[in-house]
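Reviewing the structure listed below.
The values are calculated or read from the model by the stated rules, or taken from the named source; none is laboratory data. These figures come from a predicted structure and were not determined experimentally. No Cβ is skipped: glycine too gets one built from the backbone with ideal geometry, and neighbour counts run over all protein chains shown.
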Amino acid sequence: MNRLLCVALLACAACLAQTPDDAKPASTNVANAQYPRIHSDLSVTFQLKAPDARKVQVQVVGDKYDMTRAEDGTWSVTIPPQVPGFHYYTLIIDGVQVVDPASETFYGSFWESSGIEIPNNAEDFYQIKDVPHGEIRQFRYYSTVAQTWRRAFIYTPPDYDTNLKARYPVFLLLHGGGEDERGWFIQGKTDIIMDNLIAEKKAVPMIVVIDNMYAQKPGENSPMTMPVVTPGSVLRITVPPTYGEVVMKDLLPALDKHYRTLTDRDHRAIAGLSMGAAYAMQVGMSNLAAFSYFGSFSGTVMRDLNIETSYGGVFKNAAEFNKKCHLLFIAAGTAEQSRMDAANHARGELAKVGVKFVPFDSNGTAHEWLTWRRDLHQFAPLLFRN
């Protein structure tokens, strides 16, 4: 009798200790898909029906997790709490890397990948709010340099279609290696960030141009390949000149013709993330007559910054450069060590000669979209204030 009572008490205690499943489907799931599910502690449960598979894994931010098979052929795993923000992930079925049919796909690393948005309870600057909203527009323009049609996405501020006498500054924002012009407005949430900043009067209304930075002339080799990095080696990025020609000869003239832009250098900015930072710095510093605001987000190229030789020696005369440059913004995440080292190297070299710059460190984030969302959130309010 006592034994049965103990068992009953233990069972009751176990029931009391249980809490309802608080997991919710990820916002990045396809319609009606219940998995992946995100728990309140930000751990994530993945599930896949694959009865003929012998081994299934999920890979998130470089970490692989083995999934367990149930009798009905359903595989599942709950992985540890994840850092808030957007993360690419893939399934690995019997050694083959595939997308999750339950997830939306996102272009990154030169292929369509699954992605998951981990909720961020500490920051809401990239959450949709009840404020006036701008628009993302698809813009086609012909490149005489590349001899082909190209596509950019254009953010226009909330009053663009009502304040018809207004003209707007232009901010050219470049994606990273392996991504394209969709990245900044889908993964990056550029329009939401800009809407919120403008509504809070922290940023001036501006046109944001999200272009594809890859361009080649007929007969040129494609730049759309990632540099090969062997273990222990250092990533070096060489920016071909073609995209800069496209910007100056095709993109800017097409924008000025089609949109109500302010066309002088005091009203143009350029920035990019990772490989896009290398492109932004190269294009911008080579065209100081066209741009006066510059941003490097997680730019590995900053590791090689040399006062005497970089960008034709524009930093050698600090006083002259400071007059021309309204803003040089150098940012990285504290958890992306190589990029943080690169940023600190550039900052140190510039400080030695008196070149003015604004540093920003994204606390606790790695080479990921929360870093770059934060960078944009800090960079945009500094634009076009002079």
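With respect to the conditions (1) farther than 19 Å from residue 208 by Cα; (2) basic (Lys, Arg); (3) within 17 Å of the chain's Cα centre (by Cα), residue 373 falls short on a single one, namely (1).
So that you can scan it fast, the table gives a plain yes or no per residue for (1) under 29 Å from residue 52 (Cα atoms); (2) among the hydrophobic types (A, V, I, L, M, F, W, C):
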| position | (1), (2) |
| --- | --- |
| 89 | yes, no |
| 93 | yes, yes |
| 102 | yes, yes |
| 105 | yes, no |
| 111 | yes, yes |
| 120 | no, no |
| 126 | no, no |
| 131 | no, yes |
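Note on the stretch 111-142: residues that are at pLDDT below 95 and of a type in the set (Asp, Glu) total 1.
Go through the stretch 185-219 and give me each residue that's at pLDDT 95 or above and under 12 Å from the mean Cα position of the chain (by Cα). Of everything in the stretch 185-219, those that are at pLDDT 95 or above and under 12 Å from the mean Cα position of the chain (by Cα) turn out to be 186, 187, 188, 189, 190, 210. Can you name every residue in the stretch 253-290 that is out of contact with any strand residue (DSSP E or B) (no Cβ under 8 Å at 6 or more places or on another chain), part of a helix (DSSP H, G or I) and surrounded by 17 or more Cβ atoms within 10 Å (Cβ to Cβ)? Matches in the stretch 253-290: 275, 282. Residue 108 passes every criterion in (1) surrounded by fewer than 17 Cβ atoms within 10 Å (Cβ to Cβ); (2) at pLDDT below 95 apart from (1). Scanning the stretch 175-184 for residues that are within 9 Å of the chain's Cα centre (by Cα) and either under 21 Å from residue 127 (Cα atoms) or assigned to a strand (DSSP E or B) (or both) turns up 175, 183, 184.
Cβ separations smaller than 6 Å between residues 6+ apart or across chains give the following pairs from the stretch 159-178 residues that are in contact (Cβ under 8 Å) with a residue 60 or more places away in the chain to residues that are β-branched (Val, Ile, Thr) and surrounded by fewer than 20 Cβ atoms within 10 Å (Cβ to Cβ): 170/261. Residues in the stretch 92-99 include none that are within 19 Å of residue 372 (Cβ to Cβ) and out of contact with any Ser or Thr (no Cβ under 7 Å at 6 or more places or on another chain). Scanning the stretch 291-320 for residues that are assigned to a helix (DSSP H, G or I), surrounded by 21 or more Cβ atoms within 10 Å (Cβ to Cβ) and either polar (S, T, N, Q) or free of Cβ contacts under 8 Å to residues at least 60 places away in the same chain (or both) turns up 300, 302.
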